[in-house]
Amino acid sequence: MTRPLRALIDISALKHNFSIVRNCAPQSLAMAVVKANGYGHGMLRVANALENAEGFALLNIEEAVTLREAGFNQTILLLEGFFEACELPELAAHSLSTVVHCPEQIEMLEASSLKRKLNIFLKINSGMNRLGFKPEVFNEAMHRLVECPAVGDLCLMTHFATADEAQGIAPQMACFNRVTSGLDAQRSLANSAAIIRYPETHADWVRPGIMLYGSSPFADVSAECLGLKPVMTLESQVIAVQEIKPGEAIGYGASFRSKTPMRVGIVACGYADGYPRHAPSGTPVLVGGVRSCTLGRVSMDMICIDLSSIHHVGIGSPVIFWGDGLSVDEVAKAAGTISYELLCKLTQRVPVVEV
Ligand SMILES: *Cc1c(COP(=O)(O)O)cnc(C)c1O
């Protein structure tokens, strides 16, 4: 047998989560966000499972071409747009859509002589101050794009900074509505949090990411409460057991020292697999179906867990780090991060198995 660590991907959970997007935003087209290799789940695997989505959104042209060449005829959108003029003929050749967020990109479009028009998502900076045109320069950007022979359909787009937080979206929504009022174009605003909480943001295209993968966008509402099912389960096995005496330490830096006799399980999974090295002692795990926790520092290839009161487990017992029965959101919180990071940082060496 090979090393027991695996990431199981539950395709039916992915489809189920997509149906939640449809229930939340029944009038909108859905652009499934598959950046970062489908949040670590496999871009093509996710696209195949969500073939009914009207579009896919991702970051680079290579991935976009891979999707197109795999036979996906939907809208495929580059969320950061193009970076150099030399990408434009390739975008046109594959009918890829692109975000335009800065005047330099408009100049490149104006200077191009494309044989086919490109569909553009014109990004408005409504307050996040990352990508997009500020309200005061939006009209000029819009005008130049409308006049540009290389430009086909236009969709007006923005992205929310706090749709998942108590402060909500009101100022950004008001800004977007003011800037785009009366314009004849499609609109796209909503990430997962806005899809769930703010129907007024749904418009023509919604852009679900994290909710597809079964994690909650909100710190204060669980995925389960939202009806979402975990897609990725990271599981391994106990590969060794150590009995330690009071005063003995566990792992690098001897950062955990026991006050009592303990039974410690060593599990095949470490930071080189994508488990967060900064997860402290006490981060939850499931072993043999029972909740336990990590002990000491996470090594490159191994983690120690507490088996002291779980007598039925030993070498070969299954361990779940997140997924089925243990929410990735809970683990992320314990490790001081967010589910997005845990999911997309799974590394190449972890075998992925579809279930
Ligand atoms: C990543 C991303 C999304 C998806 O966000 P989630 O919070 O994962 O739903 C939507 N829109 C843009 C522009 C993004 O970059």
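The values are calculated or read from the model by the stated rules, or taken from the named source; none is laboratory data. Computed from a prediction, not measured in an experiment: that's the story for all the values here. Don't worry about glycine lacking a Cβ; one is built from the backbone with ideal geometry, like all the others, and counts go over all protein chains shown. Keep in mind that these areas ignore ligands, DNA and RNA; they rest on the heavy atoms of the full protein, side chains included. Shrake-Rupley method; radii C 1.70, N 1.55, O 1.52, S 1.80 Å.
Among the residues in segment 213-222, are any farther than 22 Å from S299 by Cα, open to solvent by 20 Å² or more (accessible area, probe 1.4 Å), of a type in the set (G, A, S) and touching a residue at least 60 places away in the same chain (Cβ under 8 Å)?
Yes: one or more hits.
From the residues in segment 130-147 that are of a type outside the set (A, V, I, L, M) and within 16 Å of the ligand (Cβ to nearest atom), which one is farthest from D184 (Cα to Cα)?
Within segment 130-147, the match that is farthest from D184 (Cα to Cα) is R130.
Residues of segment 81-93 being surrounded by fewer than 16 Cβ atoms within 10 Å (Cβ to Cβ) and not in a helix (DSSP H, G or I), which ones?
F83, E84 - these are the residues of segment 81-93 that are surrounded by fewer than 16 Cβ atoms within 10 Å (Cβ to Cβ) and not in a helix (DSSP H, G or I).
In contact (Cβ under 8 Å) with a residue 24 or more places away in the chain, out of contact with any Phe, Trp or Tyr (no Cβ under 9 Å at 6 or more places or on another chain) and either surrounded by fewer than 19 Cβ atoms within 10 Å (Cβ to Cβ) or aromatic (F, W, Y) (or both): is that true of G227 in this structure?
yes
Scan segment 327-349 for residues that are surrounded by fewer than 19 Cβ atoms within 10 Å (Cβ to Cβ) and among the hydrophobic types (A, V, I, L, M, F, W, C) and jot them down.
A334, I338, C344
What pairs come out if I take residues in segment 330-355 that are closer than 16 Å to S216 by Cα and pair them with residues that are open to solvent by 70 Å² or more (accessible area, probe 1.4 Å) whose C-beta lies under 6 Å away, six or more apart or interchain?
Close Cβ pairs (under 6 Å, with a partner that is open to solvent by 70 Å² or more (accessible area, probe 1.4 Å)) amount to A332/I338.
Would you check which residues across segment 157-201 are open to solvent by less than 50 Å² (accessible area, probe 1.4 Å), of a type in the set (S, T, N, Q) and within 16 Å of the ligand (Cβ to nearest atom) and list them?
T158, T162, Q172, S188, N191, S192, T201
Is it true that D204 is of a type in the set (D, E), within 13 Å of the ligand (Cβ to nearest atom) and touching a residue at least 24 places away in the same chain (Cβ under 8 Å)?
no
Specify the residue that is nearest to the ligand (Cβ to nearest atom); the eligible residues are those in segment 207-224 that are under 18 Å from K15 (Cα atoms) and of a type in the set (S, T, N, Q).
S215
Determine the pairs where a residue that is of a type outside the set (S, T, Y), located within segment 160-173, has a partner that is surrounded by fewer than 16 Cβ atoms within 10 Å (Cβ to Cβ) with Cβ atoms under 6 Å apart, the partner being 6 or more residues away or on another chain.
A161/M128
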